[in-house]
């Protein structure tokens with residue numbers, strides 16, 4: 001499979017995933033391309049079983065060079081992929097048994113309002129607070145990213161703030177309303193979560209959205225930011 005064919009194949013699969021309301025697409029050597037729909041894995045048996053060259057070429061067709069270097073050096077990497085400005089995906093490429101696998105998660109274009117998520121009304125009071133540290137935690141696939149996006153967008157539509165997000169990768173894209181929203185992607189806009197977070201102290205922020213806290217240094221810096229009113 002050459003690079004052009006691989007790119008077209010990926011686009012076709014992702015278009016179909018969006019049309020079928022699949023939450024995920026999996027590309028794994030020895031398996032048909034597979035969707036997750038309503039929690040169930042559904043193999044696309046009309047597509048051929050993927051060979052090592054297939055997954056490698058499809059990954060190469062969409063990954064940027066700097067992310068490819070991370071994949072080769074660390075064995076896995078996260079990035080985002082925008083399909084013709086119609087659908088956006090969070091992507092994780094990783095090695096398994098020496099072969100490349102790729103997992104895609106569909107990110108909805110529209111950010112849902114808090115009331116659409118049936119979340120407690122107390123969250124409306126939370127986003128009005130001027131300082132503090134608020135953690136959103138839970139199992140994979142249970143709506144953490146969706147909840148956080150709704151909270152950010154509630155602030156965006158109701159307050160005049162400067163919001164800085166630090167993510168790996170950027171997931172939801174916000175349409176700025178009353179807020180200035182600067183979205184920074186780790187490894188693209190900054191070398192690490194910690195480096196991006198430290199620079200926030202000089203960027204006149206009101207709200208920091210930190211996608212992950214992966215190490216003690218980042219946690220310490222986040223606590224310092226909260227304690228000093230950021």
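The table below lists the values:
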item: Conditions (1) under 25 Å from residue 110 (Cβ atoms); (2) under 21 Å from the mean Cα position of the chain (by Cα): number failed by residue 67; result: (1)
item: Residue check, residue 50 closer than 21 Å to residue 85 by Cα and out of contact with any helix residue (DSSP H, G or I) (no Cβ under 7 Å at 6 or more places or on another chain); result: no
item: Selection count where residues are surrounded by fewer than 16 Cβ atoms within 10 Å (Cβ to Cβ), more than 16 Å from residue 24 (Cβ to Cβ) and within 21 Å of the chain's Cα centre (by Cα), scope segment 77-111; result: 7
item: When residues of segment 45-56 are limited to those that are touching a strand residue (DSSP E or B) at 6+ places or on another chain (Cβ under 7 Å) and assigned to a helix (DSSP H, G or I), the one surrounded by the most Cβ atoms within 10 Å (Cβ to Cβ); result: 55
item: Selection count where residues are farther than 22 Å from residue 184 by Cα and not in a strand (DSSP E or B), scope segment 80-113; result: 3
item: Only one of 211, 143 that is touching a residue at least 24 places away in the same chain (Cβ under 8 Å), within 19 Å of the chain's Cα centre (by Cα) and at positive phi; result: 143
item: Odd one out for residue 188, checked against (1) surrounded by fewer than 17 Cβ atoms within 10 Å (Cβ to Cβ); (2) touching a residue at least 40 places away in the same chain (Cβ under 8 Å); (3) under 23 Å from residue 123 (Cβ atoms); result: (3)
item: Residue 72 vs. criteria assigned to a loop (DSSP other than H, G, I, E, B), out of contact with any helix residue (DSSP H, G or I) (no Cβ under 8 Å at 6 or more places or on another chain) and assigned by TED's automatic domain parsing to the domain that holds residue 14; result: no
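Residues are listed down the side, and each one gets a yes or a no for (1) assigned to a loop (DSSP other than H, G, I, E, B); (2) out of contact with any strand residue (DSSP E or B) (no Cβ under 7 Å at 6 or more places or on another chain); (3) exposed (fewer than 15 other Cβ atoms within 10 Å of the Cβ):
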position	(1), (2), (3)
21	yes, no, yes
32	yes, no, no
41	no, no, yes
58	no, no, no
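The values are calculated or read from the model by the stated rules, or taken from the named source; none is laboratory data. The structure presented is a predicted model; accordingly, all values stated were derived computationally and were not measured. Ideal geometry is used to build each Cβ from the backbone, glycine not excepted, and the neighbour counts take in all protein chains shown.
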